[in-house]
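Participant: Dropping a structure here in structure tokens format, bear with me for questions.
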Amino acid sequence: MKTAPLHRREFMAAALASLLACAPGRPESAGAPAASGKKNVLFIAVDDLRPHLGCYGHNEVITPNMDRLAARGMVFERAYCQMAICMASRASLLSGYRPDKGEIFKNGPLYKHVPDALPLNQHFLNHGYETVTIGKIYHHKSDERRGWSREAFHAKGGWTGRGYLTPEAVALVREFDEKHPNASRKGMGPACECADVPDNAYEDGLAADRAVEELNRLQDRPFFLAVGFHKPHLPFNAPKKYWDLYREEDIRPADNPYAPKNAPKDALTDWGELRGYHGIPESGPLPDDLARRLIHAYRACVSYTDAQIGRVLDELDRLNLRENTIVVLWGDHGWKLGEHGMWCKHTNFELDTRSTLLVSAPGMKAPGARTRALTEFVDVYPTLCDLAGLEKPAHLEGASFAPLLDDPARTWKGAAYSQYPRGTIMGYSVRTERHRYTEWRRIGEKDVKARELYDHEKDPDENQNVAEEKENREIVERHGELLKRGFATIPR
Ligand SMILES: [Ca+2]
């Protein structure tokens with residue numbers, strides 16, 4: 001808070017310097033936004049992107065463009081979503097509320113849970129920005145009807161829009177539809193596909209095409225451009241050239257393919273989201289060759305989306321907009337690729353709650369740095385307000401992490417909160433410097449059904465729940481108090 005005015009002056013100065021430096025060749029590019037004093041926002045969401053990327057130290061995953069963004073911005077190494085599922089994570093980040101507000105955790109449209117919401121895009125629209133949404137930003141299309149300057153853009157990539165292009169996959173989808181005319185999940189084809197097609201044969205390539213067009217149209221006015229990429233969400237379909245970046249025989253399946261020792265049943269899932277796809281066993285673990293295939297496919301999708309992000313960042317640079325544009329890139333939650341014997345998201349484990357967060361802001365004092373500070377996705381809204389110089393609406397439940405962009409090692413939040421429901425049971429989880437602690441209880445009741453404690457210093461992969469061990473009693477009590485402070489639905 002204290003550093004915010006200085007911060008703004010800093011990047012105003014940087015923007016002006018950049019304008020002066022670049023003015024002769026590009027009179028129209030950076031002129032109007034700087035003259036209005038407004039920073040643009042490029043807001044990139046990537047579906048199901050776990051933070052195993054080059055810039056997170058996972059060089060086995062090829063992500064040169066996200067790495068480039070990280071090199072000029074900041075890597076948030078411990079950023080947590082509020083609920084590891086598409087809708088609630090997105091609605092929380094975009095609204096500035098935690099999922100308890102209006103029972104966002106029930107996963108309906110944001111405006112159904114919170115009819116008077118003032119989401120991030122609406123706030124920027126109210127402050128004179130042109131707000132544009134491309135691809136998957138909100139989970140529910142009905143949430144796109146307000147707060148945007150123009151109609152949402154959704155590309156239809158792939159056969160009848162279901163995302164498959166290969167004849168084999170299309171045949172499987174048709175066969176499924178004929179056999180299951182009343183199925184709730186239509187068109188369940190294979191879990192992945194490798195097609196020798198150009199990038200924009202699929203919808204994310206078309207979204208990048210559209211984002212490039214929009215940057216050209218928007219360059220002379222303040223904009224909030226939201227671009228949401230679908231991959232690496234299932235099915236893992238990507239052009240062949242991204243599959244060819246990896247050798248399947250080099251891929252090792254997870255080395256902890258078992259549930260954490262002493263984990264309660266509610267903590268686990270049977271990863272039904274993946275099991276619905278063709279060729280995936282209805283129960284039990286995946287054979288190693290199939291696990292390797294899916295990890296390969298997931299990585300191909302990550303590299304494919306990374307390339308689309310690169311095209312958008314390139315255009316931002318070409319138009320000389322970078323010096324006046326805040327870029328934030330986030331994955332809506334993590335993902336398990338066989339760790340704990342599970343796949344997909346839908347839990348409170350570190351692998352699902354920890355996600356990707358990269359931020360680049362004009363004038364930040366520590367470009368290329370990383371921070372281990374605990375941050376939450378509910379902090380993104382107030383941060384963007386600070387960075388753009390907008391007032392922060394009173395309802396926001398997060399705190400701006402703008403000061404970390406100048407001083408990544410400073411003292412910061414002591415706890416990050418996430419939650420996950422199982423019917424009427426809620427798992428309330430808190431991550432502190434060293435521990436992850438979770439309580440499972442019926443919503444609105446005091447009694448705790450089950451507890452989990454993972455000691456990240458001794459057990460970074462969360463392979464052993466040590467909540468019931470006597471020597472941890474004080475740690476459990478202290479974290480239980482933190483949960484009561486963090487969640488509205490836990491009785492005081
Ligand atoms: Ca998602």
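Participant: For the stretch 360-449, which fully contained strands (runs of 3 or more DSSP E) count at least 3 residues that are more than 23 Å from the chain's Cα centre (by Cα)?
Facilitator: So the answer is 435-442.
Participant: Oh, and also: Within the stretch 413-425, which residues are in contact (Cβ under 8 Å) with a residue 40 or more places away in the chain and in contact with a strand residue (DSSP E or B) (Cβ under 6 Å, 6 or more places away or on another chain)?
Facilitator: Answer for the stretch 413-425, where residues must be in contact (Cβ under 8 Å) with a residue 40 or more places away in the chain and in contact with a strand residue (DSSP E or B) (Cβ under 6 Å, 6 or more places away or on another chain): K413, A415, A416, Y417, S418, Q419, Y420, I425.
Participant: Filter the stretch 128-142 down to the residues that are among the charged types (D, E, K, R) and in contact with a Lys or Arg (Cβ under 9 Å, 6 or more places away or on another chain), then identify the one that is farthest from C385 (Cα to Cα).
Facilitator: Residue satisfying both the conditions and the ranking: K136.
Participant: Quick one: what pairs do we get from the stretch 162-188, first residue touching a residue at least 40 places away in the same chain (Cβ under 8 Å), second of a type in the set (V, I, T), C-beta under 7 Å, 6+ apart or different chains?
Facilitator: Y164/V170; Y164/V173; L165/V197
Participant: Of the residues T371, T375, only one is touching an Asp or Glu at 6+ places or on another chain (Cβ under 7 Å), within 23 Å of V302 (Cβ to Cβ) and buried (at least 23 other Cβ atoms within 10 Å of the Cβ); which?
Facilitator: Going through T371, T375 in turn, just one is touching an Asp or Glu at 6+ places or on another chain (Cβ under 7 Å), within 23 Å of V302 (Cβ to Cβ) and buried (at least 23 other Cβ atoms within 10 Å of the Cβ): T371.
Participant: Kindly evaluate E462 against the criterion of being outside the structural domain of A267 (by TED's automatic domain parsing), among the acidic types (D, E) and without any contact (Cβ under 8 Å) to a residue 24 or more places away in the chain.
Facilitator: Against the criterion (outside the structural domain of A267 (by TED's automatic domain parsing), among the acidic types (D, E) and without any contact (Cβ under 8 Å) to a residue 24 or more places away in the chain), E462 does not qualify.
Participant: Among the residues of the stretch 86-104, which ones are under 11 Å from S418 (Cβ atoms) and in contact (Cβ under 8 Å) with a residue 40 or more places away in the chain?
Facilitator: Across the stretch 86-104, the qualifying residues are S89, S92, R98, P99.
Participant: Can you tell me which residue is farthest from W330 (Cα to Cα) among those in the stretch 87-116 that are of a type outside the set (A, V, I, L, M) and within 13 Å of the ligand (Cβ to nearest atom)?
Facilitator: Filtering the stretch 87-116 for residues that are of a type outside the set (A, V, I, L, M) and within 13 Å of the ligand (Cβ to nearest atom), the one farthest from W330 (Cα to Cα) comes out as N107.
Participant: Being within 16 Å of the ligand (Cβ to nearest atom) and at positive phi is the filter; apply it to the stretch 334-353 and report the residue that is surrounded by the most Cβ atoms within 10 Å (Cβ to Cβ).
Facilitator: Going through the qualifying residues, I end up with H346.
Participant: Residues I309, I295: which one is in contact with a helix residue (DSSP H, G or I) (Cβ under 8 Å, 6 or more places away or on another chain), touching a residue at least 40 places away in the same chain (Cβ under 8 Å) and in the same structural domain as E168 (by TED's automatic domain parsing)?
Facilitator: None of the other options fit; the residue is I309.
The values are calculated or read from the model by the stated rules, or taken from the named source; none is laboratory data. All values derive from a computational prediction rather than experimental measurement. For neighbour counting, all protein chains shown are included, and Cβ atoms are generated from backbone atoms with ideal geometry for every residue, glycine included.
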